[in-house]
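The values are calculated or read from the model by the stated rules, or taken from the named source; none is laboratory data. As the structure is a computational prediction, the values presented were derived from the model and not from experiment. Note that we place each Cβ from the backbone using ideal geometry, even for glycine, and neighbour counts take in every protein chain shown. Accessible surface is based on the protein model in full, side chains and every heavy atom, while ligands, DNA and RNA are left aside. Shrake-Rupley method; radii C 1.70, N 1.55, O 1.52, S 1.80 Å.
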Amino acid sequence: SEKQDLSGRRILISAGGTREPIDPVRYIGNRSSGKMGYALAEEAARRGADVSLISGQTSLTAPACVNIIKVETAKQMQCRIEEKFPDSEIIIMAAAVADYRVEDIADQKIKKTAETLTITLRKNPDILFSLGQKKKNGQFLVGFAAETQKLLAFAQDKLERKNLDMIIANDVSKKNAGFNTDTNIVKIITKDKNVEDVPLMTKTALASVILDRIILYFDR
Ligand code: C5P
């Protein structure tokens, strides 16, 4: 039988990519599959946690026994996450949130008349950063970093800047890692500067390793 080492723990997870509308029929999106966040939600629920999953775009079906809330844009995601945050003990932000949104969304479908078309983008709120600012004792905050270079340095900087307890760094330039694959190769970095190299494994297996490490640190 499955270990119940997260029994009753309130866990908040974000997953998938946000979509930022341009007009009623178009949007700006990204290549996030949602696989990592969904695997974490499924495994946490299996281990007894009370899981809230705030999900952007994905083609995956909702895991069993998880409270799932679907959102489209970064702003909607922020709103739902902030609602759940005060009551959450472990917060894992695995969503690929768009850094920018369209400043003025067109009311009607944009027609292809002009030779060039300019869309002004406005910076989105950094949800994880604002959670880091609000974090209280007893809350454990985990982020992800997808980088194509200087993986360790960029991830460590992100951990400090966003006031995280742990960051999962993944080199998206590697084969079988990152977006839309079933596997990943990551480094797990903690606030105390411990770095663990996790070899290639499925996102399901990795979810289990990440939750093991969170429990190790959270209980300290
Ligand atoms: O800074 P960067 O976007 O690379 O950080 C990635 C981490 O921050 C991920 O954990 C992601 O879920 C989170 N994030 C967020 N809100 C944003 C951008 C990223 O929560 N607007």
Cβ pairs under 7 Å, 6+ apart, first in region 86-111 and open to solvent by 50 Å² or more (accessible area, probe 1.4 Å) and of a type in the set (Phe, Trp, Tyr), second near the ligand (Cβ under 8 Å from one of its atoms) and part of a loop (DSSP other than H, G, I, E, B): Tyr100/Asn124
Sole exception among (1) of a type in the set (A, V, I, L, M); (2) open to solvent by less than 50 Å² (accessible area, probe 1.4 Å); (3) under 20 Å from Glu42 (Cα atoms) for Leu216, by number: (2)
Considering residues of region 56-106 that are under 16 Å from the mean Cα position of the chain (by Cα) and basic (Lys, Arg) only, the residue nearest to Ala44 (Cα to Cα): Lys84
Subset of region 11-59 (residues that are open to solvent by 30 Å² or more (accessible area, probe 1.4 Å) and part of a loop (DSSP other than H, G, I, E, B)): Arg19, Pro24, Val25, Gly29, Asn30, Arg31, Ser59
Unmet requirement for Lys123, which otherwise passes all of (1) exposed (fewer than 13 other Cβ atoms within 10 Å of the Cβ); (2) in contact with a Gly (Cβ under 9 Å, 6 or more places away or on another chain): (2)
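Conditions tested, residue by residue: (1) assigned to a loop (DSSP other than H, G, I, E, B); (2) at pLDDT 95 or above; (3) more than 17 Å from Ile214 (Cα to Cα).
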{"position": "Gln108", "(1), (2), (3)": "yes, yes, yes"}
{"position": "Ile119", "(1), (2), (3)": "yes, yes, yes"}
{"position": "Val142", "(1), (2), (3)": "no, yes, no"}
{"position": "Ala153", "(1), (2), (3)": "no, yes, yes"}
Some residue of region 150-157 being more than 22 Å from Gly37 (Cα to Cα) and more than 12 Å from the ligand (Cβ to nearest atom): yes
Filter result for the condition that a residue is closer than 26 Å to Lys203 by Cα, in contact with a helix residue (DSSP H, G or I) (Cβ under 8 Å, 6 or more places away or on another chain) and at pLDDT below 95, over Ala95, Ala64: Ala64
Among residues of region 147-201, those that are open to solvent by less than 40 Å² (accessible area, probe 1.4 Å), within 29 Å of Lys135 (Cα to Cα) and among the polar types (S, T, N, Q), counted: 3
